[in-house]
Amino acid sequence: MSDLIKMADRFDNIIKKHELAKYTYSLSESEKQEFNIEHGDFKLLRTVYSNNASIKVFLGARMGSANGTDVTDEGLEALIADATAAAESSPEDPAHDFAPDQGKHERTQGAVEPDLDRFIERIEEFLDTVAKEYPRVRILNLGASHDKWTWLSRNTNGTEFLETAGSYSFSIEISAAEGDATTGFDYTGIIAKDLDTPFIERGDIRRSIESIDASIYPETLEGEFMGSLVITPACTEDFVQMLIGNYASSGVVIDGTSLWLDKVGEQVSSDKLTVSLKNEDDRIVLSDLATGDGFLAENATIIEKGVLKQHFLGLYAANKTGRPVVKNNGGNYVLEPGDTPLDDLIAGIEKGLLLGRFSGGSPGTNGDFSGVAKNSFLIENGKIKCAVAETMVNGNLGDMFKNIRGISKELVCNGSSVMPYIAVDGINISGK
Amino acid sequence: MFQDMLEKKRELFADGVQTVLRGHGNRNRRVVILKGNIVQNTRSESRGISARVNNKGTFGFASVAETTPEAAEKVLRAATRNASLLAEHARRSIELPPSLGVGSMPPHGVINDTAQKEIIEACQTVDNYVSTKYPDLTTRTIVYTEDSQDRTLVTSDAFNGHMITPRCYIYVFIGSVTDSGVPVELFKAFGGYGSFADNFSDVTKYYPEIDELHKRLMDKKEGVYAQSGTKTVVLGGFMAGMLAHEAVGHTVEADLVRGGSVAGKNLNKQVASELVNMVDFAHTYDGKPAPLPVYLDDEGTRACDEVLIKDGILVGYMHDRESAQHFGMKASGNARGWGFADEPLIRMRNTCILPGKNTLDEMISSIDDGYYLISSGNGQADLTGEFMFGVTCGYEIKNGKLGKGLLDTTVSGVAFDMLKTVDMVSDTLEWSSSGFCGKKQMMAVSMGGPSMRCKITIGGR
């Protein structure tokens, strides 16, 4: 940590020579230890030592930025020169700015030092468990890493942030096979600050393995029908991110194409839906100390009981459009649970899918989406019937979140998000 | 000389293992103009040294974001230690792959820097052209993006070399709204291999293509939804290239074959119409440099072409040295890492379906009721070859002629089923090199294809 402060002091001295009136910069040092398991066996151990320096230079209302890994005096000089040149060539735009003085803040969080022996034991335990309990499941890739980093930011408004943090992450890519019959792939992962719990019991990992194991002999649906979806937590997160990106993010608000441009304070979805970006929450392993704009990070609620509380805007977009800034970097999505057990959600579906993964692109601005239902199962008369193949789902994001029929009591916490199952109506489902 | 410094560290290579020491830099430039506002204006450089050690099939890798002799020593020590530590836990032990030849590759590629001011002015020129000529657009975004790799390799039992791969693009995104209020958008990327001056010293040369993009957007604005079902279509070259990469290419990457991809049980079998030929080109196509040439991969294997499908028969996979040994095939230089901290993985290079003998006009005029599908914004595929592509630009074909434009739709299918329906292949090839492929790490890849007449499932609305 002291090395980074020395580096910052060195950077300050270099910047002084350039007589810059307004700037903000950040420096970081990081170390990664990553185990890669391929086809069920240890393949590679990767160690990454890295540095990064980034700076935004403001010349009046003109802004330029640069970043790089060279933190020698020469490298930092080059960084200042690059950012200054970018600012000099940029047109004036007073919307570019950073936060007013937030004071000085320093903290440490997570598992800063790894217990690599215990980490390897947990990985081997996972491999053994899968081999014993799910012999048809193949672990195509397993990535398990410990990351630690120190990060420091200073700016000319007087703010200083200094943070040291560390965490474990664990992700798998899996398929299943029996004889010549094979599934497609699925993936899931978690981050954690301890190794107290077997990996298979964390997040959505056991459910994903059970799901792929049950997908070896899928059936192809005939024709198309209007049905319902019960969407798994990981897939729900994907749709929520698309929803906020499509209707409430900086880009679509700046260019005016958001269909929720003038909907703040209005009902935009089912009143069952509350979407927050949580920063401080016991279920979120690592919180952000600060935002990229230089604010102390806070929790933010975007949709509360179906009402749009605010757009998810960074400082530039807020200044550009005269709307409030959200002091949150995004990413840690938390949905409030419902009051219906998952089994009851499924039992209430006449015909539809348990949607494990949506394989499709981002919807257009109007919210229309279309993609393949992967790792998914047919639901008929309240019961799960079979895995499905070559099945498309089509709908509209905005309409889908208006047509929520229920949200599960069960929540899945993967360390960076908290998601329930959601059931929605009015989705076009088509087979061959 | 940096390469000389790395060469001196060869004395630290351990015996009985295979070692690659790599100096690696990435440079990025990015400008984004959203409706006339510069919302991104940044330059970045990352540079470091990595070492990879193969100890009987377990690999140690280490990297440092520095380019000093001390950094080279540090990564060699760490990679060697990592390989030994992992060997204690691995359940396998294999023979090291044989050497595929040693030597020095001649350097390839040059990189020239351009002032940010010049980049911004070029973007503003394009933005001014679009906003002035087409004032009724509801959205317009101009994005300049430049990335380059600069790699220096010193290996224990393969080729050494210094390779530079620059590329840069200007993306033009434009949008409008239909009479019923549905937003419609299109984009196109201009540029390719080389530095700014190679591609954008005169941006006016792209104006005709921007005009064509606008025409297609206006057709889309008046467009209709495709009827869902299995249809006869002409899949444009861009779409064929995406199919080659996403739905076939990934399934024939040897690590995914070992993971159970559909290609495993189909080697030497008919997987496509005999009109279909597919190759992953290393650096040269038709006597000219391929869009993103690769001469040497990050294991030090000299790159050569890999034929994947010949006359409809699946004949090859893409390999690194270890997988080539596993399958008893040859490695063609597909092991690549994107940044200095990235270990090499099996990646595609310039993957394309080869042209045939038909003309596009012949193909369109042969269809009474179908679609001409031109461009896509996204695509995904599975180990099974099941794919889904979004279609952002297309037209109806009615009685052998192009009809109305199409609103956004999707196509889907299973690659080795769908490719068997190909019955006409155009004599032209369309490359696309601006994208990244995501497979743990990002990687610059190019893909290409001819127009193909085939049957495909279209999603409708």
log₁₀ I(q)/I(0) of the range A:246-352 at q = 0.21 Å⁻¹, via Debye over equal Cα point scatterers, no solvent, to two decimals?
-> -1.11
According to a simple spin-label model (label point 7 Å from Cα along Cα-to-Cβ), what is the distance in nm between residue B:327 and residue B:399?
-> 5.0 nm
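What is the extension gain from residue A:266 to residue A:132, computed as 0.36 nm multiplied by their sequence separation minus the C-alpha to C-alpha distance, in nm to one decimal? Walk me through the numbers before you get to the answer.
On the way: separation 134, 0.36 × 134 = 48.24 nm, distance 5.24 nm.
Extra length from residue A:266 to residue A:132 when fully extended: 43.0 nm.
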For B:52, A:206, B:47, what's the largest-to-smallest order of accessible area, 1.4 Å probe?
-> B:47, A:206, B:52
In debye to the nearest 20, the charge dipole size for the protein assembly as shown, taken about the Cα centre with +1 at each Lys and Arg Cβ and -1 at each Asp and Glu Cβ, equals 760 debye
Could you tell me the accessible area of residue A:54 in Å² (1.4 Å probe, neighbours in place), rounded to the nearest ten?
-> 30 Å²
What is the Cα centroid distance between the range B:73-90 and the range A:204-259, reported in whole angstrom?
-> 41 Å
For the Cα atoms of chain B, what angle does the longest principal axis make with the long axis of helix B:207-221, in degrees from 0 to 90, nearest 10?
-> 60 degrees
Take the eigenvalues of the Cα gyration tensor for the protein assembly as shown, scale each by 5, and report the square roots as semi-axes in whole Å, largest first.
-> 37, 34, 32
Rank A:162, A:397, A:20 by mean-square fluctuation in a GNM of chain A with C-alpha springs under 10 angstrom and give only the top-ranked residue.
-> A:20
Theoretical ellipticity at 222 nm over chain A - DSSP helices of four or more residues, -39500 (n - 2.57) apiece, nearest 500 | -7000 deg cm²/dmol
Where Rh is the Kirkwood radius over Cα pairs, Rg/Rh for the range A:218-432 | 0.99
Using Cα atoms only, what is the angle between the long axis of helix B:69-87 and the major principal axis of chain B, expressed in degrees (0 to 90) to the nearest 10?
-> 90 degrees
Cα extents of chain B along the principal axes, largest first, in whole Å, come to 70, 55, 39
How high is the relative contact order of the range B:19-113, in percent, counting Cα pairs under 8 Å that sit 6 or more residues apart?
-> 23 percent
Inter-chain shielding metric for A:67-74, i.e. average beta-carbon neighbours from other chains within 10 angstrom, reads 5
Under 24 Å Cα-Cα from residue B:401, which lysines qualify once same-chain neighbours fewer than 8 residues away are excluded?
-> B:215, B:220, B:221, B:231, B:357, B:455
Note down the nm distance, to one decimal, between modelled labels 7 Å out along Cα→Cβ at residue B:88 and at residue B:440.
-> 2.3 nm
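Which whole number gives the average count of other chain Cβ atoms within 10 Å of the Cβ atoms across peptide B:372-385?
Working: counts 0, 0, 0, 0, 1, 3, 5, 3, 8, 3, 11, 9, 9, 1.
Mean shielding by partner chains, rounded to a whole number: 4.
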Could you work out the helix-only [θ] at 222 nm for chain B, with each DSSP H run of four or more residues adding -39,500 (n - 2.57) and the total divided by the number of residues, to the nearest 500 deg cm²/dmol?
-> -5500 deg cm²/dmol
How large is the charge dipole for the range A:218-432, taken about the Cα centre, if only the Cβ atoms of Lys, Arg (+1) and Asp, Glu (-1) carry charge, to the nearest 20 debye?
-> 180 debye
Can you pick out the pairs among A:432/B:439; A:56/A:193; B:205/B:440; A:374/A:432 whose Cα atoms lie more than 25 Å from each other?
-> A:432/B:439; A:56/A:193; B:205/B:440
Acute angle (nearest 10 degrees) that the helix B:116-133 long axis makes with the longest principal axis of chain B, alpha-carbon atoms | 10 degrees
For chain A, the Cα gyration tensor yields equivalent-ellipsoid semi-axes (√(5λ), largest first, whole Å) of 41, 29, 18
Residue among A:349, A:216, A:15 with the largest mean-square fluctuation in a Gaussian network model of chain A, springs linking Cα atoms under 10 Å | A:15
With charges set only on the Cβ (+1 for Lys and Arg, -1 for Asp and Glu), what does the dipole of the range B:229-458 come to about its Cα centre, in debye to the nearest 20?
-> 160 debye
Would you please give the FRET efficiency between residue A:31 and residue B:362, computed as 1/(1 + (r/R0)^6) with r the Cβ-Cβ distance and R0 = 41 Å, to the nearest 0.05?
-> 0.10
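Let me check against my output: what whole-number percent is the relative contact order of chain B, with C-alpha pairs under 8 Å and at least 6 apart? Don't jump to the answer; show the numbers that get you there.
On the way: 1226 pairs, mean separation 74.7, N = 461.
This gives 16 percent for chain B.
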Percent relative contact order of chain A, based on C-alpha pairs within less than 8 angstrom and at least six residues apart?
-> 15 percent
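Per-residue mean of other chain beta-carbon atoms within 10 angstrom of the beta-carbon, peptide A:81-91? Each step should come with its number before you reach the end.
On the way: counts 1, 7, 4, 1, 4, 11, 2, 3, 10, 6, 7.
Mean shielding by partner chains, rounded to a whole number: 5.
Rank by packing, highest mean first: peptides A:353-359, A:272-278, with packing defined as the count of other Cβ atoms within 10 Å averaged across residues. Can you show the working numbers first?
Numbers: A:353-359: 24.7, A:272-278: 21.1.
Ranking the peptides A:353-359, A:272-278 by packing returns A:353-359, A:272-278.
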Pseudo-spin-label distance residue A:180 to residue B:423, built 7 Å along Cα→Cβ, given in nm, is 2.7 nm
Gaussian network model of chain A, Cα within-10 Å springs - most flexible of A:361, A:406, A:245 | A:361
Proximal lysines relative to residue A:6, as straight alpha-carbon distance under 16 Å, when same-chain residues fewer than 8 apart are discounted = A:16
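The values are calculated or read from the model by the stated rules, or taken from the named source; none is laboratory data. Because the structure is predicted, anything quoted here is derived from the model rather than measured. A quick note on method: Cβ atoms are made from the backbone with ideal geometry, for glycine too, and the neighbour counts reach across all protein chains shown. These accessible areas exclude ligands, DNA and RNA; they are computed on the full protein's heavy atoms, side chains included. Shrake-Rupley method; radii C 1.70, N 1.55, O 1.52, S 1.80 Å.
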